[in-house]
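Undergrad: There's a structure below that I have some questions on.
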Amino acid sequence: MTENRNGTVVTFYSYKGGTGRTMALANCAWILAANGYRVLAVDWDLEAPGLHRFFHPFLDLADLEATPGLINLITDYQDEARRPADRDPDWHREYARVRPHATSLNWNFPQGGSLDFLSAGRRNRDYPSIVGKMDWDDFHERFGGGQFFDAMRDDMQRHYDYTLIDSRTGLSDIADICTVQMPEVLVVCFTLSDQSIDGASAVARDIEERYHERRIRILPVPMRIDDGEKEKADAGRALARESFPGFPSGLNPEELGNYWGTVEVPYRPFYAYEEILATFGDAPNVSSSMLSACERLTSVLTGGLVNSLPPIDEADRLTHVAAYTRRRPMPPSNLVLTHVAEDQMWVDWLVHVLTVAGFHVVPVDVRAPQSGTPEVEFTTGIGYRVIPIVSQSYLNSERARSSWETGSGLDAAGVRRHILPVRVGDVRLSPPLSNRGVIDLVRLDENEAAAAVLNALDRSEAVAAFASTPAGPRYPGSVPKIWNVRPRHAWFTGRTTVLE
C-alpha cells in the first residue's frame, strides 16, 4: 500500500533577518517529532543556510556535506529537462522526491517520531556559484518549475506529517516559492521594530489579497520580545496587532486576544550566542522560558494537537547542553621552529621548554633541502604556529628571510598559521617581523626566558612545571658559572695554550 500521510507544509518566514525564525522552526520541529510525528525540516535559505547548526550534535556533518540537498534536486531536474527526450507526463516526480536526500537526526524519538533534515545543498566550493547562477524566472518558464515544486510539496505531504520550511528573508523569487506555492501554513516572524512590523504585515496582506484562493493560514508571530523596556514593548505589541488586521483569520475578538497573548517568543540572552535548541537549553515547566514559548507556538501550529515536549532525562538534557556549548578556541599546539644551523643550541633548548609545556614541535633548518615538508607531521587542516629563531645568522640567510617575507614557505597545505618570532641575538628587526609580536630573550636568564616564551604562547600555567622539571639542554643565553673541564696536560704552541 502506498504511504500517504496527508501531511502539513509550514513555512517560517521573516521580512528582516535576526528575528529568531530559524531557532523557532528548529524547536517546533523537535517538539513535533518528540510527540510521535514524522517531521521534515528544510533549509530553503539558499544564500545563508544555517538550520543545520541547531541540529549539529545529532548530525554527521561530514556525511551531510557530501549529501545532495535542495539546490541539487532542483539543478538535477533542470539538467534532465534540458535533455531532449520522450518522457512520461509524470517523469518530473522522480526528481522531486525529497526523502531519499534527507538525513535523519541521530536521536531516538518516542512513539515512532522522527526528524529528518534536508539541507540547502551539498556544501562544496561549487555551491555559491550554483546558487548565484540560478535563474528562477527561467526555471519556471522554460523548465516547468511550478510543476516541479508542486510535485515536491506532494512528496513532502505523502511521507511526513509536518514539513517545516526555513525561508529566505525579504522579497525574492525564492521567498515567493516558500510563502505562496509551498505552504498551507505561513508563520510570519517579526520583531517589534517599525521596519520589521511594516515589512512583515505588508507581505501578509499581499499574500492574503493576491492568493486568497490558496487558503494559506497566516500566523503573525512577534519574536525577540524584551520586557526590559515594558512601555516600549507594549507599544510595539499594540502596533503589531493594528498592523495585522484580521490575522489570523477566522478568530473572534476574544480568540484574537488570546492568540496575541500566547504566541509571542521572548528574547533570552542565553540563546543569542549559540545555536542551541531550547528543548535542551531550558528545564521543563518554566512558563517564561524559550521552551514554553515554542511549545505554545507548536500548539497554535497544530490546532492544539501538540502542547508540550515530553520529558527528557535530566542527565541527557544537560549532556547535550554541553555538546552545544561553544568553547574558547585553543591556540595551535603545533609549532614549527625555523632556524639556521648556527642557532642549534637555541633550538635544543626551545624544543625542551615547549615539549614540557605540551607542544608538538618540529624544528626546520631553513637552509636544508625541504624534501620532506613539516606539514606531514600535522593533521591536515589543524593550525600551527611558525616560530622563527632570529639571530644575526638568521637575518643574513636569504632563505631564512624569504621563509617569512613570502609568508608561504611552510604553508603548502594552505592551513592556518601564526608567526611569532623569538629574538635570541642583539639584532634589529625589520618588517614584517618587526610588525608582529616578538618574544625577546636577549639578556634574560633561563627562568625569565622560559616564562617569556610560554606566556607569549598562552601557556603561563606551564611556567611552574618547567621550573620543576629536571635540567635539559644548556640555556644558550648565559655563560655557565662553572666550566666542567679538568686539564691533564698543558703545553704551549707559541701562540695558544692547548688543554687536554
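Undergrad: Can you tell me which residue within the range 198-232, out of those that are in contact with a strand residue (DSSP E or B) (Cβ under 6 Å, 6 or more places away or on another chain) and either among the hydrophobic types (A, V, I, L, M, F, W, C) or under 18 Å from D150 (Cβ atoms) (or both), is surrounded by the fewest Cβ atoms within 10 Å (Cβ to Cβ)?
TA: Within the range 198-232, the match that is surrounded by the fewest Cβ atoms within 10 Å (Cβ to Cβ) is I225.
Undergrad: While we're looking at this one, here's another question. For the structure I just gave you, tell me whether G236 is without any contact (Cβ under 8 Å) to a residue 12 or more places away in the chain, closer than 19 Å to V188 by Cα and not polar (S, T, N, Q).
TA: Answer is no for this residue.
Undergrad: Got at least one residue in the range 86-93 being aromatic (F, W, Y) and under 29 Å from the mean Cα position of the chain (by Cα)?
TA: No, the range 86-93 contains no residue that is aromatic (F, W, Y) and under 29 Å from the mean Cα position of the chain (by Cα).
Undergrad: Pairs needed: first member in the range 247-261, assigned by TED's automatic domain parsing to the domain that holds D206; second member anywhere, assigned to a helix (DSSP H, G or I) and among the β-branched types (V, I, T); C-beta distance under 8 Å; at least 6 residues apart or different chains.
TA: Once the first residue is assigned by TED's automatic domain parsing to the domain that holds D206 and sits in the range 247-261, its partners that are assigned to a helix (DSSP H, G or I) and among the β-branched types (V, I, T) give Y259/V300.
Undergrad: Go through the residues of the range 391-407 one by one and say whether even a single one is closer than 19 Å to S333 by Cβ, at pLDDT below 85 and assigned to a loop (DSSP other than H, G, I, E, B).
TA: No, every residue in the range 391-407 fails to be closer than 19 Å to S333 by Cβ, at pLDDT below 85 and assigned to a loop (DSSP other than H, G, I, E, B).
Undergrad: Test of understanding: among I207, I197, which residue is closer than 30 Å to K230 by Cβ, β-branched (V, I, T) and either part of a loop (DSSP other than H, G, I, E, B) or assigned by TED's automatic domain parsing to the domain that holds E229 (or both)?
TA: Every option except I197 fails the conditions.
Undergrad: Among (1) surrounded by fewer than 11 Cβ atoms within 10 Å (Cβ to Cβ); (2) assigned to a loop (DSSP other than H, G, I, E, B); (3) within 30 Å of the chain's Cα centre (by Cα), there is one condition P68 misses while meeting the rest; what is its number?
TA: (1)
Undergrad: Of the numbered conditions (1) at positive phi; (2) part of a strand (DSSP E or B), C189 satisfies every one except a single condition; which is it?
TA: In the conditions (1) at positive phi; (2) part of a strand (DSSP E or B), C189 misses (1) alone.
Undergrad: Looking at (1) under 30 Å from G112 (Cβ atoms); (2) in contact (Cβ under 8 Å) with a residue 40 or more places away in the chain; (3) surrounded by fewer than 19 Cβ atoms within 10 Å (Cβ to Cβ), which is the only condition Y267 fails?
TA: (1)
Undergrad: Related question: Out of the range 71-105, which residues are crowded, with 17+ Cβ neighbours inside 10 Å and aromatic (F, W, Y)?
TA: Answer for the range 71-105, where residues must be crowded, with 17+ Cβ neighbours inside 10 Å and aromatic (F, W, Y): Y77, Y95.
Undergrad: Of a type outside the set (K, R), in the same structural domain as L171 (by TED's automatic domain parsing) and surrounded by fewer than 20 Cβ atoms within 10 Å (Cβ to Cβ) - does that describe any residue in the range 19-35?
TA: Within the range 19-35, not a single residue is of a type outside the set (K, R), in the same structural domain as L171 (by TED's automatic domain parsing) and surrounded by fewer than 20 Cβ atoms within 10 Å (Cβ to Cβ).
Undergrad: Also: Scan the range 213-235 and give yes if some residue there is β-branched (V, I, T) and assigned to a helix (DSSP H, G or I), otherwise no.
TA: no
Undergrad: Being under 25 Å from S292 (Cβ atoms) and within 17 Å of the chain's Cα centre (by Cα) is the filter here, so list the residues in the range 22-51 that pass it.
TA: Passing the criteria: T22, M23, A26, G50, L51.
The values are calculated or read from the model by the stated rules, or taken from the named source; none is laboratory data. This structure is a prediction, so every number in the text was calculated from the model and none was measured. Note that each Cβ is placed from the backbone with ideal geometry, even for glycine, and that neighbours are counted across all protein chains shown.
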